[in-house]
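One structure is given here, and the rest of the page talks about it.
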Amino acid sequence: MLYVNQQKKRRVVISDVAKAAGCSPATVSRVLSNSGYPVSEELKQRIYEAASKLGYLSDPNGRILRTAVNPSVGIIIPSFQNPFFSQIIMGIVHLASKRGYTSVVYSSQRDPALERKYIFDLIQKQIGCLFLCSVDDSPDTLKKYISSGGLACVFESNFPPLSEALNATADMFKAAQIATEYLISQGHKKIAFLTPPLSRYSRRQRVDGFKFAMSMHGLTIDPEDVITVSYEGDIDEGLYEYTIGITLAQKMLKQKKKYTAVIALNDLIACGVIAGLKQNNIRVPDDISVIGFDDIPNSVMISPQLTTIRLFGEVIGQRAAQMIIDSFESNERINNITLTVNPELVIRESVRDIRK
């Protein structure tokens, strides 16, 4: 038997947001309507946070995004530093432009609070299509966007796939399995996996693929074979992922185990790993082989050119945009749909066959 709670939930109003943010209702109204009235950034942030937490919608029927006439799509990525995110953006923008939509692109700077603010901005601007590479630990703000009528595509996140969103990604488990098996086929048995914190679901999938491939070939994995750093965030000077690649290389060289190969979480980290090894007079691939993921343009701009797993960022961005815009225009919801692109090994110069 299905039981339904008949108690009607009171609608959140501006005065509720004002009370939570510690300001006047007039100030809340000015901020949420983007009036341009001078308000400090700190207060704006409190208002956005309060509105998001309380689930405030300016449309009383919660249909603001489904009745929108703004022909735009919103894109939120963690950083403009990593070219892989640019590949995803290019795919979305290319398709959206052909369909008559403009694109609004934000960088959350790896800050969950900023990501939530931008999602709320999209609701207020009545932009009904969202493409998100999330750094948030919780999907709650995204769910508020969807409940207000928006359609969302999630490329990666710190939370498991949402049934209410289009989940678009390469098969990260398979990608890591392919990378590991290729190294094993070249005679490598002592392999390290170098990564930022394992907070994201997609990162844990890659580590799982690595462990699975190693175990299938009867190779043991020690806990220290997965080498991480404890921090994450864009930096004012330089590239965060390239910089931590150098740090991870130095950390690996301090291990007791002498590795013959390295799997880096992505190509930008792999480039940093190669630089870090060179700083310690370690030759790639003569002394240590290196493989990455993504196949960004930088992969062929370094020496040696990087062997990598192509994840087809532009392709998946374009396909996701087509599916979301088709659903938006036909007034259909997204339920339990996953868009997956098969990864592909790209062999270049950074892996050596040590059997010879």
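The values are calculated or read from the model by the stated rules, or taken from the named source; none is laboratory data. Bear in mind that the values here come from a model prediction, so they are computed numbers and not experimental data. Using ideal geometry, Cβ is built from the backbone for each residue, glycine included, and neighbour counts are taken over all protein chains shown. Heads up: the accessible areas ignore ligands, DNA and RNA and are worked out on the full protein's heavy atoms, side chains in. Shrake-Rupley method; radii C 1.70, N 1.55, O 1.52, S 1.80 Å.
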- Query: Taking the stretch 14-53 as the region of interest, how many residues are open to solvent by less than 100 Å² (accessible area, probe 1.4 Å), closer than 20 Å to Asp140 by Cβ and at pLDDT below 80?
  - Reply: 2
- Task: Hand me the list of helices (runs of 4 or more DSSP H) wholly inside the stretch 109-214 holding 1 or more residues that are under 16 Å from Ile324 (Cβ atoms), without any contact (Cβ under 8 Å) to a residue 60 or more places away in the chain and among the β-branched types (Val, Ile, Thr).
- Result: 140-147
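So is Gly128 at pLDDT 90 or above and out of contact with any Ser or Thr (no Cβ under 7 Å at 6 or more places or on another chain) or not? Steps first, please.
Values: at pLDDT 90 or above: yes; out of contact with any Ser or Thr (no Cβ under 7 Å at 6 or more places or on another chain): yes.
For Gly128, the condition - at pLDDT 90 or above and out of contact with any Ser or Thr (no Cβ under 7 Å at 6 or more places or on another chain) - is met.
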- Message: Here's a check for you: in the stretch 131-149, which residue that is at negative phi and open to solvent by less than 10 Å² (accessible area, probe 1.4 Å) is modelled with the lowest pLDDT?
- Response: Ser148
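Quick one: in the stretch 341-356, of everything that is among the hydrophobic types (A, V, I, L, M, F, W, C) and either open to solvent by 90 Å² or more (accessible area, probe 1.4 Å) or outside any loop (DSSP other than H, G, I, E, B) (or both), which residue is farthest from Ile282 (Cα to Cα)? So that I can check it myself, show each step before the final result.
Going residue by residue through the stretch 341-356, those that are among the hydrophobic types (A, V, I, L, M, F, W, C) are 341, 345-347, 351, 354.
Those left that are additionally either open to solvent by 90 Å² or more (accessible area, probe 1.4 Å) or outside any loop (DSSP other than H, G, I, E, B) (or both): 341, 345-347.
Numbers: Val341: 35, Leu345: 25, Val346: 23, Ile347: 21 Å.
Restricting to residues being among the hydrophobic types (A, V, I, L, M, F, W, C) and either open to solvent by 90 Å² or more (accessible area, probe 1.4 Å) or outside any loop (DSSP other than H, G, I, E, B) (or both), the top hit is Val341.
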- Inspect the stretch 275-285 for any residue being touching a strand residue (DSSP E or B) at 6+ places or on another chain (Cβ under 9 Å), in a helix (DSSP H, G or I), crowded, with 18+ Cβ neighbours inside 10 Å and hydrophobic (A, V, I, L, M, F, W, C) and give the result as yes or no. yes
- Query: Just one of the numbered conditions (1) surrounded by 14 or more Cβ atoms within 10 Å (Cβ to Cβ); (2) outside any helix (DSSP H, G or I) is not true of Ile244; which one?
  - Reply: (2)
- Task: Return only the number of the condition from (1) farther than 23 Å from Glu314 by Cα; (2) among the aliphatic types (A, V, I, L, M); (3) at pLDDT 95 or above that Ala176 does not satisfy.
- Result: (1)
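Does Thr247 qualify as being β-branched (Val, Ile, Thr) and modelled with pLDDT under 95?
Numbers: β-branched (Val, Ile, Thr): yes; modelled with pLDDT under 95: no.
When the stated conditions are applied, Thr247 does not pass them.
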- Identify all residues within the stretch 247-265 that are assigned to a loop (DSSP other than H, G, I, E, B) and crowded, with 24+ Cβ neighbours inside 10 Å; write none if there are none. Leu265
- Single unsatisfied condition, Glu237 versus (1) assigned to a helix (DSSP H, G or I); (2) modelled with pLDDT under 95; (3) not basic (Lys, Arg): (1)
- Note on the structure: For the stretch 151-185 the number of residues that are buried (at least 24 other Cβ atoms within 10 Å of the Cβ) and among the acidic types (Asp, Glu) is 0
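Condition check ((1) open to solvent by 60 Å² or more (accessible area, probe 1.4 Å); (2) of a type in the set (Phe, Trp, Tyr); (3) assigned to a strand (DSSP E or B)) across all residues:
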residue: Ser299; (1), (2), (3): no, no, no
residue: Ile309; (1), (2), (3): no, no, yes
residue: Asn335; (1), (2), (3): yes, no, no
residue: Leu339; (1), (2), (3): no, no, yes
